[in-house]
Amino acid sequence: MPLAALIIFVKNPVEGHVKTRIAKTVGHAKATEIYRELLRYTHDVTEHLPDEGYAKTVYYGDYVNENDLWDGWAKALQPGGDLGDRMKQAFREQFEAGADRVVIIGSDCLSLHLHHLTEAFQQLNAHDVVIGPSTDGGYYLLGMNQLHESLFDNMPWSLPELMTKTKVALQSRNLSYCLLETLTDVDEWEDYLAIKTQLSG
C-alpha cells in the first residue's frame, strides 16, 4: 500500500550556524535556543501525524544526529547542492520508496498545526501540488503527488520572489495547485516576538 511521506528539513542546532539573522539582534546563544524551541515545536506537531499510512523522515543539514528528539524517526542526510537540489533529491527518494504523495516542511514555523499537514495530504488527492505560503514571499510547505523537477530548478531560494516564481512554473506547465493558509516563518527577531505575542494572546 503506498504511503504518504512527510519530509522535515532541519539544521543541526550548532551555535553560530542557525538563525544567524536572529543572532544579529540577540546573539548566537539566544538564536540557538530559539532554534531548539522551533525544533521541539515542529517535532511535537508532526509526532501527531499517525504512523499508520505515513512515512516520516527527518533530513539533517550537516550530519545525522544519532541521539536527539527525533529518535524513533527515519533519519537521513540532506544531499549536496542548493536548497532546490536538496529538496528535489529528497522528494525523489520518497517517491522511489513507494510514496504516492510527498510533503516537505522546514522547522521554522511556530504557527504550523497538524491540520495544515493533514489538509496538504488531502488536497493532493485532487491537485498536482499543494503549497503553504509564508508571509516573506516563500513557502513553509510544499507537496506533490509526483516529482515535478521544474519547481526546484533555478528558483530564487530565500528571496521574496520565490512564491511568485513557483506559481509561474506551475501555470506554465498546467499543473493544478492548492494554497494553504499563509503562515509566518521565524527568520528575524521581530518574527519571533510577533508570533509569541500572537500565541500568548
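Only the coordinates and a few stated rules stand behind these numbers; no lab work does. Values in this document were obtained by computation on a predicted structure and should not be read as measured data. Cβ sites come from the backbone with ideal geometry, for glycine too, and all protein chains shown count toward neighbours.
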What is the Cα radius of gyration of the range 57-201 over 2.2 N^0.38 Å, N being its residue count? 1.06
Note down the net charge around THR197, summing +1 for each Lys or Arg and -1 for each Asp or Glu among other residues with Cβ under 12 Å from its Cβ. -1
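Give me the dipole magnitude in Debye, nearest 20, for the chain about the Cα centre, with unit charges on the beta carbon: positive for Lys and Arg, negative for Asp and Glu.
On the way: 17 positive and 29 negative charges, 58 e Å.
About 280 debye.
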Quick query: amide H of LEU142 versus all other amide H atoms, modeled in the peptide plane; which residues come in under 5 Å with a sequence gap of 5 or more or a different chain? ILE104, GLY132
What distance in nm separates the simple spin-label points at ALA126 and ALA76, each placed 7 Å from Cα in the Cβ direction? 2.9 nm
Given the chain, what count of lysine pairs have C-alpha atoms under 26 Å apart, with each pair 8 or more places apart or on different chains? 21
Additional length obtainable on full extension of the chain from ASP51 to LYS30, 0.36 nm per residue less Cα span: 4.2 nm
How far apart, in nm, are the 7 Å Cα→Cβ label points at GLU188 and LYS167? 2.2 nm
